[in-house]
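Enquirer: The structure follows.
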Amino acid sequence: MTLPKWADVVLIPLINLLLALFVSGLVVLMIGEDPINAMKIMVNGAVGSTYGWGYTLFYATNFIFTGLAVAVAFHARLFNIGGEGQAQLGALGVALVCLALPWPHWTLALPFAILGGAVFGAAWAAIPAYLQARRGSHIVITTIMFNFIASALLVYLLVSALKAPGMAPESARFPEGTFLPNARDVFGMIGVKFARSPLNVSFLLGLVACFLVWLLLWRTRLGYEIRAYGHSEPAAIYAGISPFRITMITMLISGALAGLMAVNAVQGEAQRLLQDNVLGAGFVGIAVALMGRSHPVGVLIAAVLFGALYQGGAELEFETSVPREMVLVIQALVILFTGALDNMVRGPVTGAFLRFGRRPGATTKAAE
Amino acid sequence: MSVDTQKGRPDAAAPAAHPAIELKGISKAFGPVQANKDIAIRVMPGTIHGIIGENGAGKSTLMSILYGFYKADAGEIFIAGQKTAIPDSQAAIAAGIGMVFQHFKLVENFTVLENVVLGAEDGARLTPSLSKARKLLTELAAEYELHVDPDALIQDLGVGMQQRVEILKALYRQADILILDEPTGVLTPAEADHLFRILEGLRREGKTIILITHKLREIMEVTDTVSVMRRGEMTATVKTAETSPEELAELMVGRKVLLQVDKAPAKPREMVLNVENLKVVGEKGVERVKGISLSVKAGEILGIAGVAGNGQSELLEVLGGIRNGTGRITLNGEEIDLTGQNSDARTRRARGIAHVPEDRHRQGLILDFHAWENVGFGYHHDAKYNSGWLMDNEALRRDTEAKIKKFDVRPPNAWQTAKNFSGGNQQKIVIARELEQNPDLLLVGQPTRGVDIGAIEFIHQQIVALRDAGKAVLLVSVELDEIMSLSDRIAVMFDGKIMGERLPAETSERELGLLMAGITDTTRDVPVEEIEANLARKDGATP
């Protein structure tokens, strides 16, 4: 039995989200805070001002890239949970590009930084991909192990070759010619006041990435093959689709998308390479892809939602005794409800549709 | 209870006042699909009662209700006149119902004896149950020709023998009513005949047997009464002696059906496919095709008969570019690379080989794709489905509309997901896709497996039409009827080898059945034990 598409992509995630928020409310209640008040603070903190929006969309940009990375791999039934490590390597790629030349203008630096982030992220995904495609080593295991290797590699580089003078294990600051215009500058040019925030042009890059991923998956032969392979490997082989080729290409694209996150986080905000440039965004990407049903539009919406959660959670910690970790709890609950407990909601909703949405004739025709 | 007490019931075979099973007003719905609608049936004791119907007619649902797997939405079950509730299979067994499933439920690495006793042990100690079962098995073997070595491991037995273990399991649990679901699907004709002899023996002892099948011939041969199901309803119950296959087919489908394929004699022309000494190594390093040679000419259908699992699937897959092999294969005189180095399924298609795979769910379709996405499957690189960098989905959908119309796919909806079509209509989508490529060679495996009778007729016509258009067709099927009626030549495969080639007009089901069991001397009288031993040896040969 199938639901109408809108119910599948809008209604069910919405119900899942509300359930997750409800249970979160209970947790807040247990801490001894007023859940309604907490909710108000979070919403207001996330979208109540240009400052809030700035941070919300900044976080969302990170999540768009890592969410798309997971989503693309999902379509080939590959569970890439190495977004964290691939984004760390992407950060290295972006940093190397930014530090390589005294860039005269950001418009020149940006394309090369994109290339650097994408190539490094893809390269980091290529190794687990090859091991999966040729040796059958499970990609979940290898990608998560590569997260640790990536993190160790960055620490090593930041205390040796890339270390800037000073105490902190971080690179030198990028040249000014690499700084990306932020939302305040851009809105200022058209005379709109926008508070200072890390939101920068990378957000637009994220939107372009969403469109390109949609185009890839549903309008190109490669995307068709990726989806076919994801649904059935024997059928793919029957159709002359090479599992090796699809596994490699899909993971390269996935890794590149994760790596692009660094354009926002490293070039856009930190403007130097840090020990941890990703801050868990690689894992949030899994929740975003799950909730967004691996569709670019869904990923975009889920990413903004998680961005708001992050920003709202920060405000919550600031104004109440609710710890910032509450955001992690909510995030975990969202994953639990959208991923693991999806059928709990799907069953009753489908039943309700059958009972109330049943038009005589329509269903019997479909059954034939 | 032992056999003695069963036999000790004097009135068991005599006409009883009560039916062995009576169902009244059974209904069961899955979502919007009404699988069973107000079913009423009376099965008299000591009879073989056939239930026939197309796939999805509701036969299996009805039997699952009777065996306690599903709970009916409405209706009552009477066993020997007593109203009985059957909430689970334990209750069904307690009510004296035994079930032999299409897919056997046996523990592969247990012995026959252990399997028979499993779940029906008398106490914590196994030995008393085992020796009791051993005694019973010996008695049953003598009585009903149910010979099985009690100490053999299931994995070393052929399917015919495994099926017998299932029957023994039911009898050990004192079943008076035996339900068999499509029991002959995996048997050679001789084994099927032997099964029917067993069933007749059981009937003589007063057992009641329900035989579920889609094969009209079996119904006509062994049943006393037959009930026909269509679209969840019981459309008729008739005495087998008073009906005909044509009438039953009409009752099943709801219209007149041609049971025989209408075709003119073949006019074979030049050689299209030539296979020499083909060898294929399958999973676990076992050689599945052991050096076969065959050829197919333009304008003819070569049928490959055989029990499933004798290398036919591997043969099709090598030709279709899915597997690698060794040997020499030429298509229109040009050699085909078998190493997989520079050829795959895509290059095969480009050279004019179309492939309707044996398993449309696993290979032929992406079940979660729309119909129109499936119509381009495998041919998605073709220029007609593309414009530059992007796929031309509009062109693909237009093409799908045309194919849906031509092949009468129902519902005619290009946007419907493949899994939501019936088996027959799914197969029509695959057939339409492959045949409309106008291939030089069509590989077709099990073209009508799980397909309703109405669609079978249509699919057969399409295959014959392709032959008449001067194309070569290689047909693999485990249905002997289908092989006999479609093929212009028949090759029989057993254990990865071709046992012989016959012309349909000059052979018989019996002869083909013996070849299928690897017995080439078909003139002598072969006991069924030898056939089984042969088939088991083949199966057991896998290391």
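The values are calculated or read from the model by the stated rules, or taken from the named source; none is laboratory data. Everything numeric here is computed off the predicted structure, so don't read it as measured data. Neighbour counts are summed over all protein chains in view; Cβ atoms, including those assigned to glycine, are modelled from backbone coordinates with ideal geometry.
Residue by residue, here is whether (1) within 19 Å of the chain's Cα centre (by Cα); (2) more than 29 Å from A:H138 (Cα to Cα) holds:
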position	(1), (2)
A:T247	no, no
A:I253	yes, no
A:G259	yes, no
A:V266	yes, yes
A:A289	yes, no
A:T338	yes, no
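Enquirer: A further question follows. Just checking, does segment B:399-416 include any residue being under 23 Å from A:Y238 (Cβ atoms), of a type in the set (S, T, N, Q) and surrounded by fewer than 23 Cβ atoms within 10 Å (Cβ to Cβ)?
Expert: yes
Enquirer: Turning to a different aspect of this structure: Go through segment B:30-55 and give me each residue that's within 12 Å of chain A (Cβ to nearest Cβ) and either of a type in the set (S, T, Y) or surrounded by 20 or more Cβ atoms within 10 Å (Cβ to Cβ) (or both).
Expert: Matches in segment B:30-55: B:A35 only.
Enquirer: Output the residue which, of all residues in segment B:238-280 that are among the β-branched types (V, I, T) and without any contact (Cβ under 8 Å) to a residue 40 or more places away in the chain, is nearest to B:I459 (Cα to Cα).
Expert: B:T243
Enquirer: Quick check: anything in segment A:77-85 of a type in the set (K, R) and farther than 26 Å from A:M326 by Cα?
Expert: Restricting attention to segment A:77-85, the residues satisfying the condition of being of a type in the set (K, R) are A:77.
The next check asks that each one be farther than 26 Å from A:M326 by Cα; those that pass are A:77.
Yes; the residues of segment A:77-85 include at least one that is of a type in the set (K, R) and farther than 26 Å from A:M326 by Cα.
Enquirer: I would also like to ask the following. Can we say B:H18 is modelled with pLDDT of 75 or more, outside any helix (DSSP H, G or I) and within 15 Å of B:I209 (Cα to Cα)? Walk me through it before giving the result.
Expert: On the way: modelled with pLDDT of 75 or more: yes; outside any helix (DSSP H, G or I): yes; within 15 Å of B:I209 (Cα to Cα): no.
For B:H18, the condition - modelled with pLDDT of 75 or more, outside any helix (DSSP H, G or I) and within 15 Å of B:I209 (Cα to Cα) - is not met.
Enquirer: Looking for something within 14 Å of chain B (Cβ to nearest Cβ), in contact (Cβ under 8 Å) with a residue 12 or more places away in the chain and part of a helix (DSSP H, G or I) - is there at least one such residue anywhere in segment A:7-27?
Expert: Within segment A:7-27 (the criterion being within 14 Å of chain B (Cβ to nearest Cβ), in contact (Cβ under 8 Å) with a residue 12 or more places away in the chain and part of a helix (DSSP H, G or I)), the answer is yes, since at least one residue qualifies.
Enquirer: Restricting segment B:417-442 to residues that are surrounded by fewer than 22 Cβ atoms within 10 Å (Cβ to Cβ) and either within 12 Å of chain A (Cβ to nearest Cβ) or farther than 26 Å from B:L319 by Cβ (or both), which is modelled with the lowest pLDDT?
Expert: Once the filter is applied, the top-ranked residue is B:S422.
Enquirer: For B:G321, state whether it is under 26 Å from the mean Cα position of the chain (by Cα), in the same structural domain as B:A465 (by TED's automatic domain parsing) and more than 20 Å from B:D495 (Cα to Cα).
Expert: yes
Every residue, every condition in (1) closer than 22 Å to B:A266 by Cα; (2) part of a helix (DSSP H, G or I), yes or no:
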site: B:Q427; (1), (2): no, yes
site: B:E434; (1), (2): yes, yes
site: B:A455; (1), (2): no, yes
site: B:G470; (1), (2): yes, no
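Enquirer: For segment B:60-70, which residues satisfy the criterion of being in contact (Cβ under 8 Å) with a residue 24 or more places away in the chain and either outside any helix (DSSP H, G or I) or within 21 Å of B:G96 (Cβ to Cβ) (or both)? If you could, list the steps in order and put the result at the bottom.
Expert: Residues of segment B:60-70 that are in contact (Cβ under 8 Å) with a residue 24 or more places away in the chain, as a first pass: B:60-63, B:65-68, B:70.
Within segment B:60-70, B:S60, B:L62, B:M63, B:I65, B:L66, B:Y67, B:G68, B:Y70 qualify.
Enquirer: With out of contact with any Ser or Thr (no Cβ under 8 Å at 6 or more places or on another chain) and on the phi > 0 side of the Ramachandran plot as the only criterion, which of A:G136, A:G67 stands out?
Expert: A:G136
Enquirer: Write out, first by first residue and then by second, each pair whose Cβ atoms fall under 8 Å of each other, whose residues are 6+ apart or on separate chains, and whose first residue, in segment A:227-238, is basic (K, R) while the second is outside any helix (DSSP H, G or I).
Expert: Filtered contacts from segment A:227-238: A:R227/A:A76; A:R227/B:I366; A:R227/B:F369.
Enquirer: Consider B:V159 against the criteria (1) among the hydrophobic types (A, V, I, L, M, F, W, C); (2) at pLDDT below 90; (3) in contact with a Phe, Trp or Tyr (Cβ under 7 Å, 6 or more places away or on another chain): it satisfies all of them except one. Which criterion is unmet?
Expert: Every listed condition holds for B:V159 apart from (3).
Enquirer: Next question, about the same structure. Any idea which of (1) within 14 Å of chain A (Cβ to nearest Cβ); (2) in contact (Cβ under 8 Å) with a residue 40 or more places away in the chain is the one B:G311 doesn't satisfy?
Expert: It fails just one condition, (1).
Enquirer: Have a look at B:K267, B:K256, B:K284 and point out the one that is assigned to a helix (DSSP H, G or I) and exposed (fewer than 15 other Cβ atoms within 10 Å of the Cβ).
Expert: Every option except B:K284 fails the conditions.
Enquirer: What's the total number of residues in segment A:239-272 that are more than 23 Å from A:G82 (Cβ to Cβ) and in contact (Cβ under 8 Å) with a residue 24 or more places away in the chain? Break it down into steps so the answer makes sense when it comes.
Expert: In the first step, residues of segment A:239-272 are kept if they are more than 23 Å from A:G82 (Cβ to Cβ); the result is A:239-241, A:271-272.
Then drop every residue that is not in contact (Cβ under 8 Å) with a residue 24 or more places away in the chain, which leaves A:271-272.
Residues in segment A:239-272 being more than 23 Å from A:G82 (Cβ to Cβ) and in contact (Cβ under 8 Å) with a residue 24 or more places away in the chain: 2 in total.
Enquirer: Has segment A:317-333 got any residue that is of a type in the set (G, A, S), surrounded by 24 or more Cβ atoms within 10 Å (Cβ to Cβ) and not in a loop (DSSP other than H, G, I, E, B)?
Expert: no
Enquirer: Here's another thing I want to ask about it. So A:F74 passes all but one of these: (1) within 14 Å of chain B (Cβ to nearest Cβ); (2) more than 19 Å from A:I335 (Cβ to Cβ). Which condition number does it fail?
Expert: (2)
Enquirer: Restricting the search to segment B:331-387, which residues are among the polar types (S, T, N, Q) and either more than 8 Å from chain A (Cβ to nearest Cβ) or in a loop (DSSP other than H, G, I, E, B) (or both)?
Expert: Hits for segment B:331-387 are B:N332, B:T339, B:Q341, B:N342, B:S343, B:N374, B:S387.
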